1. Taking the simple approach of a point 7 Å from Cα along Cα-to-Cβ for both Ala128 and Asp234, what is their distance in nm?
2. Using alpha-carbon pairs under 8 Å, 6+ residues apart, how would you state the relative contact order of the stretch 171-269 in percent?
3. Need one number: the % of Cα-Cα pairs in the stretch 171-269 sitting beyond the 21 Å mark.
4. Arranged by the count of other C-beta atoms within 10 angstrom, fewest first, what order do Ser82, Ser174 take?
5. Restricting attention to the stretch 167-270, which trypsin sites (Lys or Arg not before Pro) occupy a DSSP loop and are surrounded by at most 15 other Cβ atoms within 10 Å?
Amino acid sequence: MLFISCEQHPTISQKPDDQSLRERIAELEKENQAQDSMLNTSLEFYNQIRSNLEAIELKQREIRVRASDPEQTESDKEWILSQINYINFLRIENGKKVTQLSKQLNVKDKKISELEAMIGDLIQNIDAKEFQIAEFQQELSALNHSYSRLFDAYREKDDLAETLKDEINTAYYSYGTEKELVKNHVIEQKKGFIGISKSIRIAGDFNEKYFSRIDMREDNEIFVEGSKPLIITDHPSDSYTVVSVGKNTKIRIKDPHEFWKVSNYLVVVVK
């Protein structure tokens, strides 16, 4: 009986660990599926933006041919005006998609560096295209002022690129006690890998209203009310320093690109 008891006891004690392991595996699979979905959507946005830029290039060439035709008809003029409107529509769509793409990659600590580089490339291409359109507008204005006025009605030539740059360089931070951040749906508490220790992480459906917005290009110091800060989002340790200011804390960002490269969200738990 003693032999049987000794053999069975480890098997019984192992069950909770097995259950925790299965739960953790299921959780990881769910996270992977979510990231795969985000990646697919992001690539779709990227391809749509590239396609729009190619369409704008094609429309510019077609308009240039018809606009310079000395035997241009009223029908040709109407067609040119409609195509300029279409170019403006594509410009607006690109702006919306780049903004969506940027937000999607920055959210929930799932920013992917390769796609971030792709966004940077898109912004440069859009910026270059805006410059080309400005030159194209002047070219058309010499032929017919009504063509140029449609571009003026769209927006100032630099607004789109600047808006996108601001969006890309926007970061968010939130701080508070563990109890406060849990209550306001910023963080959540999870059991450890085998159900023994407790871990804290940013909530899956975190409350964006509890975050403050900053410009990562300019705001290199973040003041936090409270002591013993615990940064729970991913930021390379050599990209910042933590300085005590009385009973409070100041986070000094030494390398903004490194600090924000994983996530544009910063969450700090304090005492």
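1. So the label points at Ala128 and Asp234 sit 3.1 nm apart.
2. With pairs under 8 Å counted, the relative contact order is 33 percent.
3. Counting every Cα pair in the stretch 171-269, those more than 21 Å apart make up 34 percent.
4. Final ranking by Cβ density, sparse to dense: Ser82, Ser174.
5. Arg217, Lys247, Lys254
Bear in mind that the values in this text are calculations on the coordinates, not laboratory data. Quick caveat: nothing in here was measured; it's all calculated off a predicted structure. Don't worry about glycine lacking a Cβ; one is built from the backbone with ideal geometry, like all the others, and counts go over all protein chains shown.
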